[in-house]
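Peer 1: Have a look at this one before I ask anything.
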Amino acid sequence: MGDEANREEYIVQMKKIDKVYSNGVAANQGVDFNLKKGEIHALMGENGAGKSTLMKMLFGMEQPTSGEIVINGESTVLSSPSVAIAKGIGMVHQHFMLVPSLSVAENVVLGMVPKKGLFIDKEKAVEITRQNAEKYNLHVEPEMRVADIPVGMKQKVEILKALVRGARILILDEPTAVLTAQETEELFRELTALKKEGYTVVFISHKLNEIKEITDRITIMRNGRSMGVYETKDVSKEDISRLMVGRDVILNVQKDAAKPTDVVLKVRNLEYVNEWNKKMLDKVSFDVRKGEILGIAGVEGNGQKELIDMLFNLNVPDAGEATVNGKSVIGKPQAKIREMGVSLVPEDRMLYGIAAQASIEENVISDRCAKKELNKGPLFHMGAIHKLSEQLVKDYTVLCKSPAQQVGMLSGGNIQKVVVAREFSNDPSLILADQPTRGIDVGATEFIRKKLVELSRSGIAVLLVSADLAEVMELSDSLIVMHNGRIVAYFQDTGTLSDEEMGEYMLGLKEQTPEEIRRVCHD
Amino acid sequence: MTKKRQLIFSLVRGALAILIALLVAMLLIFISADGNSFGQRLSATAEAMKQLLVGPLFRINAQGIKFEGKRLADIFAAMIPTIFTGLSVCVMFAANQFNLGAEGGIMLGAFSSALVAIYVPLPKGLHALACILVGGAVTGVVMLIPALLKVKLNVSEMVCSLMLNYIIMYIIKYLMNTAYADKSKGQIQTYPFLNSSKIPALTQASIFTSSKLSWGIVIAALTVAAMGFFMYRSRWGYQIRMIGINQDFAKYSGMKVGFVIVLSQVLGGFLAGAGGGIEMLGRYPTFGWSALPGYGWTGITIAILAGNNPCFVPLAAFFLAYLGKGCDMMATYANVPTQLIAIVQGVIFLFFAAERFLSKYRQSLVVKTANEEIAAKMALAGGGGSLPQAGASGSQDSVKEGGKKDE
Ligand SMILES: Nc1ncnc2c1ncn2[C@@H]1O[C@H](COP(=O)(O)OP(=O)(O)OP(=O)(O)O)[C@@H](O)[C@H]1O
Ligand SMILES: [Mg+2]
């Protein structure tokens, strides 16, 4: 604080920024935002508050309707991302901007490709990626295809991409939404190191702990306006959530003990070796019963994604069986799987979860468009459809002008709410929830967690995967830990577990006996 | 944006697009006009433009300008086949299937209908219906080729359907020359259609004195309405559109993606084929097409202009038919070369389809509306409008100070 000279050094000033989108949404209204050199600055606010919008303008992806952007004391028009990149600004977007069919390395060097004659020098690309991954301590597999890597790794590829381009001002839009605690720790260590070297970081997150841990200052947004700038050390978590939401938020979900009954999902000896000969699933067996939430804990990339994929036939295992209420789901078309009452909240909402150019209404009926209630003879029963979508938008507090609004124009968290609303409301008997609260603000997270508990208590089986260990520990009735494609531990009761103990299992330092693990199969 | 502003914007945009295109067209016509002096060229250009703009509906002569129902009827008549191909392309493109088979499809439909019309005697009324249905069905079945190849083997439907057009054309030409040729005639054609199969002309209406315009236009209008409901109010159309937007999403949602993709192309084929039958029976005494008629390509233009929405197909078809007629008039009465006409059409199309054209003006309207909404909300909230702030005022002050010094 003492260093007067530095304190006045704003490297970025955004003054009185207004942004009205083409559909008439005023996403930013008179927002002032500034960055000091070498700080980590948090940008916080509820879903749809306008955080991503503000940052997209700083990255040249969107143009402010009015207002001024000053960079290094110079008034600047950022007409496109390439202008912003030239000014040393890099952005990691809330939604991945990777080319799925290309390799990790090719994605990292995209737009600055090393050439060998006329051809892309793939080896060089891999080399660059490897070096930078090492330098910044972001572990990725340069040769794998982006389509095949888990979201956590995709996130790291995105961060690498920005760093490789020489960004000195780094905008991270919810980088930790899909990272596990360990990965987040690693990232924080890295960010702190970057900060020491004079890099400036904007950090968007809905996780208050993280904000308190790593940031220097906080700008809080609400309803498209700035609620002020604060020194992080001067405000408590409660202050922050009150400023964001306007009320106190309790994130502790109350739940009574589960009374599990019949087995719904039965998984036996699933095995899968991926294209790179890595064993992703190794004799995975477990049961999920009616009325219980079974959580899967584990560091990303230890088989969770593959497991969920198999259960929804987005991939086919090499061996093993999985049944829902006695009927096999392996290799069955999704239409059949849905008929059995299986719902899936997918880890990447943009890929499977939504049709971006369709309306909210059209997105919430996608799994039930043939249902009797929504049809009148050969035509849709528009009245019933309007009613359903209005109800869901209201229940799940989707911030939008009307259900006729395009889903792609919603904020990230609100898109997630649309997906969750659909998957929770189709009368399922089994919910596969993969990162259900990804990118959702504290208020809505509270709601979704409550809803999940409520659904399970009403007799639905829930399989929960989340990178957020606290979420898994809190919501799950019982819990399995995956490491290297294997189940290494099963805890019947999550109440007594400590984070440290979990950590040891997750990192593979400890393992239960096969007998202990076998208890998760309830035959 | 309010509804009113939206409408104003659409009108202004449309008018301006046409205006600019016309100016370009005028320039081109002027450059290529006959005449030695500037004045002569100018008057030639003016004459050509008059024919292009008002010629499609009015007779222009020394006495002045007179409305002519026959010309309007001609425009409507020209719209019949293109409405059907337009609808056909809409359905296929909406599912993100770039099937270009409407061109061969309409020819195949016309030919199959013709065969039924010639060789299968049936009572009046029923006969025409049977012809049309057979034309549609045959084409629908043929579209299974690109559709199934796409779904089962992931063969590009675009390449496949494009090739299919020529295969269809040559097979039909071969059949016309051999098995079904009317050898008593000097040109290559089939035997005449039985009278029972003909779609009657719409001459009852007094202003339409054109014999070219048949009841087909009424069938076309009904089909447009039906397709509008199908695409936007039925679960099938809905699935087609969702698959077009995000196929993975559709699959994950439990839709039968392969089936719907096949359905969209078969239906597209049916529409093109039925259109061919209607065109044939309403307009010609016998089948004499010896080349692809071009309606399928026009259908693609129409579908793009209509944004794959069946409800806008008639508008787009009218626009293109009017333009076509105007260009005909220009070629006939004003001596403008046909190549130039193709250029003029292209220019007009370009401005119409350019999405970002006038987007700045649109944005200003949007901003205006949003500001009004915000102001209205503020007024409702009691004029003040300052949102509550809490806590940590100390640090905030220091930040504000910093900001001031900077300014
Ligand atoms: N491309 C777009 N077109 C139209 N409106 C948009 C677009 N993107 C965002 N909006 C709207 O702008 C508002 C702010 O969105 P923004 O994405 O900035 O929110 P956010 O603070 O990042 O929220 P989240 O935490 O959910 O990511 C929302 O109401 C959203 O509906
Ligand atoms: Mg966002």
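Peer 1: For the protein assembly as shown, take the alpha-carbon Rg, divide it by the Kirkwood Rh, and send me Rg/Rh.
Peer 2: Rounded to two decimals, Rg/Rh equals 1.03.
Peer 1: Can you give the average number of partner chain beta-carbon atoms within 10 Å of each beta-carbon in peptide B:233-241, as a whole number?
Peer 2: Per residue, the average neighbour count from other chains is 5.
Peer 1: Give the average, rounded to an integer, of partner chain Cβ atoms located within 10 angstrom of each Cβ in A:361-369.
Peer 2: 4
Peer 1: Tell me, what HN-Hα J-couplings in whole Hz come from the Karplus equation 6.51 cos²θ - 1.76 cosθ + 1.60 at θ = phi - 60° for each residue of the stretch B:52-58, using x for Gly and Pro?
Peer 2: Result, rounded to whole Hz: 5, 7, 9, x, x, 10, 10.
Peer 1: Continuing with the same structure: Could you pull out every one of the lysines with an alpha carbon less than 18 Å from that of B:K124, ignoring same-chain neighbours closer than 8 positions?
Peer 2: B:K198
Peer 1: Anything over 21 Å Cα to Cα? Flag those among A:K36/A:K161; A:K156/B:K251; A:K255/A:K451; B:K152/B:K251; A:K16/A:K56, in the order listed.
Peer 2: Too far apart for the 21 Å limit: A:K36/A:K161; A:K156/B:K251.
Peer 1: I've got another one for you. Roughly speaking, what is the centre-to-centre gap between the stretch A:389-465 and the stretch B:268-300 when only Cα atoms are used, to the nearest Å?
Peer 2: Computed from Cα coordinates, the inter-centre distance equals 50 Å.
Peer 1: Leaving out ligands, DNA and RNA, what percent of the accessible area of chain A is carbon and sulfur, probe 1.4 Å?
Peer 2: Exposed carbon and sulfur together represent 51 percent of the surface.
Peer 1: Amide H neighbours of A:V273 under 5 Å, at least 5 residues apart or on other chains, H built in the peptide plane: list them.
Peer 2: A:M280, A:D318
Peer 1: Give the long-range amide H neighbours of A:A42: residues separated by 5 or more places, or on another chain, with amide H under 5 Å away, using H modelled in the peptide plane at 1.01 Å from N.
Peer 2: Those qualifying (amide H under 5 Å, at least 5 residues apart or on another chain) are A:F203, A:D216, A:R217, A:I218, A:T219.
Peer 1: What are the principal axis extents of the Cα atoms in the stretch A:263-518, in Å, biggest first?
Peer 2: The principal-axis extents, from largest down, are 57, 37, 36 Å.
Peer 1: Heavy-atom accessible area per residue, the protein assembly as shown, 1.4 Å probe: how many Å²?
Peer 2: 43 Å²
Peer 1: If you take the accessible area of B alone plus A alone and subtract the pair, what total do you get in square angstrom, rounded to 100, with a 1.4 Å probe?
Peer 2: 4000 Å²
Peer 1: Evaluate the Debye formula for the stretch B:70-353 with equal point scatterers sitting on the alpha carbons, no solvent, and hand back log10 of I(q)/I(0) at q = 0.07, 0.08, 0.13 Å⁻¹, in q order, two decimals.
Peer 2: Listed by q, the Debye log ratios stand at -0.26, -0.33, -0.88.
Peer 1: To test your reading of the geometry: what angle, between 0 and 90 degrees and rounded to tens, separates the Cα axis of helix B:69-94 from the longest principal axis of chain B?
Peer 2: Taking the Cα atoms of chain B, the angle to B:69-94 is about 70 degrees.
Peer 1: Quick one: angle between helix B:313-333 and the longest Cα principal axis of chain B, in degrees between 0 and 90, rounded to 10, please.
Peer 2: Value to nearest ten degrees: 60.
Peer 1: Could you go through the stretch A:190-198 in sequence order and give the Karplus-derived ³J(HN,Hα) for each residue, using 6.51 cos²θ - 1.76 cosθ + 1.60 with θ = phi - 60°, rounded to whole Hz, and x for Gly and Pro?
Peer 2: Once θ is set to phi - 60°, the couplings for the stretch A:190-198 become 5, 5, 4, 4, 4, 4, 4, 7, x Hz.
Peer 1: Here is a follow-up. Over all residues in B:371-377, what is the mean tally of Cβ atoms on other chains that come within 10 Å of each residue's Cβ?
Peer 2: 2
Peer 1: If you don't mind, another one. Got a sec to turn the phi values of the stretch A:479-491 into Karplus ³J(HN,Hα) couplings, 6.51 cos²θ - 1.76 cosθ + 1.60 with θ = phi - 60°, whole Hz, x for Gly and Pro?
Peer 2: With the stated coefficients, the stretch A:479-491 comes to 8, 10, 10, 10, 9, 6, x, 10, 7, 9, 7, 9, 10 Hz.
Peer 1: Can you tell me which aspartates and glutamates have their Cα less than 17 Å from the Cα of B:K212? Leave out same-chain residues fewer than eight positions away.
Peer 2: List returned: B:E68, B:D74, B:E279, B:D328.
Peer 1: If amide H atoms are built 1.01 Å from N in the plane of the peptide, which residues on other chains or at least 5 residues away come under 5 Å of the amide H of A:G228?
Peer 2: Answer set, sorted by chain and number: A:I220.
Peer 1: Hey, which lysines would be in cross-link range of A:K283, C-alpha to C-alpha under 27 Å, not counting anything within fewer than 8 residues on its own chain?
Peer 2: Filter leaves A:K154, A:K266, A:K305, A:K327, A:K332, A:K336, A:K510.
Peer 1: On a 1.4 Å probe surface of the protein chains, which of B:E279, A:E106 comes out largest in accessible area, and what is the full order?
Peer 2: Largest accessible area first, the residues go A:E106, B:E279.
Peer 1: Shifting gears a bit: Along its three principal axes, how long is the stretch A:369-473 when you only count alpha carbons? Whole Å, largest extent first please.
Peer 2: That gives 47, 32, 17 Å along the principal axes, largest extent first.
Peer 1: Sticking with this one: How much of A:R130 can a 1.4 Å solvent probe reach, expressed as accessible area in Å² and rounded to 10?
Peer 2: For A:R130, solvent-accessible area is about 110 Å².
Peer 1: Based on the Kirkwood radius over alpha-carbon pairs, what value in µm²/s does the Stokes-Einstein equation return for the translational diffusion coefficient of the stretch A:308-410 at 37 °C and 0.692 mPa s?
Peer 2: 212 µm²/s
Peer 1: Calculate what fraction, in whole %, of the accessible area of the stretch B:123-245 sits on carbon and sulfur atoms when a 1.4 Å probe is rolled over the protein chains.
Peer 2: Percent of accessible area from carbon and sulfur atoms in the stretch B:123-245: 71.
The values are calculated or read from the model by the stated rules, or taken from the named source; none is laboratory data. Given the structure is predicted, the values throughout are model-derived calculations rather than measurements. Glycine gets a Cβ as well: all are built from the backbone with ideal geometry, and neighbour counts include every protein chain shown. Accessible surface is based on the protein model in full, side chains and every heavy atom, while ligands, DNA and RNA are left aside. Shrake-Rupley method; radii C 1.70, N 1.55, O 1.52, S 1.80 Å.
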